[in-house]
1. Once Lys and Arg get +1 and Asp and Glu get -1 on their Cβ, which of Tyr182, Val98, Gly166 lies farthest toward the positive end of the dipole of segment 32-278?
2. For the chain, which DSSP H helices look membrane-span-like by this rule: Cα extent along the axis of 27 Å or more and mean Kyte-Doolittle of at least -1.0?
3. P(r) for segment 241-358: what percent of alpha-carbon pairs falls in each 10 Å bin, starting at zero?
4. When only alpha-carbon atoms count, how far does segment 41-160 stretch along each of its three principal axes, as whole angstroms with the largest first?
5. Given the convex hull over the Cα atoms of segment 209-297, what projected area results after averaging over all orientations, in nm²?
6. Segment 22-106: D in µm²/s via Stokes-Einstein (Kirkwood Rh, Cα pairs, 4 °C, 1.567 mPa s)?
7. If you scale each eigenvalue of the Cα gyration tensor by 5 and take the root, what three semi-axes come out for segment 181-226, rounded to whole angstrom and sorted largest first?
8. Going by how many other beta carbons lie within 10 Å of each one, how would you line up Phe39, Phe120, fewest first?
Amino acid sequence: MLSFNNEDLCIENVRLFDIAVKYGTSVYIYSKSQIIKNFTNYKNALKNKEGLVCFACKANSNASILRSIAKLGAGADVTSGGEIYRCLHAGFEPSKIVYAGVGKTSEEIEYALKNNIFMFNVESFEELDLIDKISEKIGVKAKISFRINICIDLETHDYIITSKKGTKFGILYEDALKAYLYAKKKKNIVIAGIHSHIGSQILNINSFKLAAQKIKSIVTEVEKNGVELQYINYGGGLGVKYEKSQKVPAVKDLISELLAAFDLNKNKKFIFEPGRSMIANAGYLLVKVIYKKISGGKKFLIVDAGMNDLVRPALYNAYHDIIPIKKINTKKVKTEIVGPICETGDFIGKDRMIPDAVDQGDYLLITCAGAYGASMSSQYNSRPLIAEVLIDMDKDTLIRKRAGYSDLLLNEL
Ligand SMILES: *Cc1c(COP(=O)(O)O)cnc(C)c1O
């Protein structure tokens with residue numbers, strides 16, 4: 001939660017300038033109260049219904065962030081064995097972990113089964129066969145939902161649509177009944193429900209409504225054929241406000257739409273898997289201007305974070321607001337905010353109106369960077385991973401140490 005204290009920008013009650021001095025830059029910063037608020041929005045929206053909010057931990061998998069979310073009573077949506085490991089380490093109850101992903105390996109499936117996770121969101125017939133076989137081998141039964149590709153088109157970036165025919169995700173809508181009848185014959189499989197995750201950064205509530213209707217029709221058809229589906233898992237995907245002009249549906253409106261698709265007197269339980277909408281607006285990237293440079297008629301501010309630290313602008317042409325951490329009243333000029341990496345794609349913001357006085361040594365805050373920021377970062381250009389700090393009211397806590405040069409060689413022989 002951002003606010004000015006006199007001239008200084010603060011997150012909760014901590015001045016960003018003090019964070020820069022104490023921990024150096026660039027640095028990811030998170031607001032604990034915003035995380036709690038985001039989770040509470042989901043929890044309250046579900047209030048009268050039995051259900052589970054499973055944080056999609058690929059959005060941000062820092063151990064302290066995960067622990068804070070686990071403590072709130074959340075479950076976790078994981079997409080790899082490594083994420084199961086992280087979530088167990090952070091204190092998530094295994095019985096609240098759901099596992100999606102098109103490429104689960106036998107080692108990952110066995111690891112999940114041995115740790116008694118809640119359920120698999122199965123994405124192919126072949127995967128079901130493998131889960132059945134491994135369950136038999138270790139003498140357990142596996143709970144599953146099928147992830148159904150409901151085949152709708154959406155307005156979001158092509159890379160993050162997951163519900164279109166021709167993407168690699170899930171079982172096609174038209175094969176859903178066949179999949180459930182196939183699973184019913186498997187001795188080591190327990191059918192628990194249905195899953196659908198239509199994509200990410202979705203701002204149109206109608207897309208979710210459409211998905212809910214399609215899910216409903218599959219559930220009706222499958223249940224007519226004698227297979228009961230107790231859990232309805234709607235996935236994640238709700239967008240956040242990266243740009244002031246964007247309109248974001250309220251969580252409570254989204255959830256009430258999705259719940260309304262079903263007769264609530266029937267004994268259904270609902271699962272939601274928010275990632276971005278749980279953590280994006282709780283995170284920031286604080287950077288320092290290394291150089292100001294005029295070139296080819298453009299003004300550049302070269303900062304100390306690059307696409308290895310925050311890849312979203314380079315990967316999705318994503319927009320993040322960029323603001324100075326001191327109040328500056330000089331006129332604003334068109335500015336390119338770029339990183340130090342040897343790629344033209346290494347930018348954080350293009351054509352931004354930034355106060356002309358911002359200069360070498362000044363700090364800028366990149367907002368809404370809590371989701372798919374640190375978790376997608378890399379050491380590209382041999383840049384050690386940066387520090388992460390969690391703010392809770394007046395208190396700031398280091399939750400990831402800044403890596404050093406020797407970390408770059410870790411595991412290399
Ligand atoms: C990524 C993912 C999510 C979370 O998506 P957001 O857009 O971050 O809310 C939920 N479920 C599954 C299966 C995912 O892969």
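Quick note: the coordinates plus some simple rules give every number you see, no bench work behind them. Everything numeric here is computed off the predicted structure, so don't read it as measured data. Using ideal geometry, Cβ is built from the backbone for each residue, glycine included, and neighbour counts are taken over all protein chains shown.
1. Result: Val98.
2. TM-like helix candidates: 205-224.
3. Going out from 0 Å in 10 Å bins, segment 241-358 shows 11, 34, 25, 14, 10, 5, 1 percent.
4. 41, 37, 30 Å, listed from the longest principal axis down.
5. 9.9
6. Details: Rh = 13.9 Å.
It diffuses with D of about 93 µm²/s by this estimate.
7. Computed over segment 181-226, the values are 27, 13, 6 Å.
8. Numbers: Phe39 22, Phe120 27.
With the fewest neighbours first, Phe39, Phe120 line up as Phe39, Phe120.
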